[in-house]
Amino acid sequence: MGPEPLTKQDFEALARFRFGIRRYLRFSEETVRRHGVTPQHYQLLLALKGFPGREWATMRELADRLQLRHHSVVELVDRAQKQGLVRRAPHPPDARVVRVELTKDGQSILARLSALHREELRRMGAATLTPPWPDAAGEGDATP
């Protein structure tokens, strides 16, 4: 007994969702570049500001959030630090841990770019919604 076969409507919903994701990512890439930031730097800034419960993160946490290898995050943070977007700070409870924090310039550019991203998501509306499939038991909406 395998997964339930998909209907034509299921394929259309998946394709519509995938198209919405790609359209949003293209908007994001073009927008951040026009503002002098790489897409990777924007993702780094957003991961820092959006980190649950605090305004900083460790390299390991950023690697997890960005789905990158540790050494790639170190290089990304190095480049962002040279641009004045982030800074490294010691972590008082554990000197082995380094905090990565946004600078004022990083916060400013992130605020501008994120406002543009929010407006684009509002404009896109239903194109970014996941299809409302029932869960494995056939009940309710399994979308997050």
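The values are calculated or read from the model by the stated rules, or taken from the named source; none is laboratory data. All values derive from a computational prediction rather than experimental measurement. Methodologically, a virtual Cβ is constructed for each residue, glycine included, from the backbone with ideal geometry; neighbour enumeration extends over all protein chains shown.
Brief remarks follow.
- Meets criteria (acidic (D, E) and not in a loop (DSSP other than H, G, I, E, B)) for E4: no
- Residue list for segment 90-129, restricted to those being among the hydrophobic types (A, V, I, L, M, F, W, C) and part of a helix (DSSP H, G or I): I109, L110, A111, L113, A115, L116, L121, M124, A126, A127
- Test: residue in segment 40-56 that is of a type in the set (F, W, Y), touching a strand residue (DSSP E or B) at 6+ places or on another chain (Cβ under 7 Å) and more than 23 Å from T130 (Cα to Cα): yes
- In segment 84-106, residue modelled with the lowest pLDDT [restricted to those that are touching a helix residue (DSSP H, G or I) at 6+ places or on another chain (Cβ under 7 Å) and not charged (D, E, K, R)]: V98
- Pairs meeting the criteria (first residue in segment 1-18 and within 15 Å of P132 (Cα to Cα), second residue assigned to a helix (DSSP H, G or I), beta carbons under 8 Å, at least 6 apart or on different chains) are L6/L14; R16/A127; F17/A127; F17/T128.
- Scope segment 3-61; condition among the charged types (D, E, K, R), at pLDDT 95 or above and touching a Leu at 6+ places or on another chain (Cβ under 8 Å); matching residues: K49
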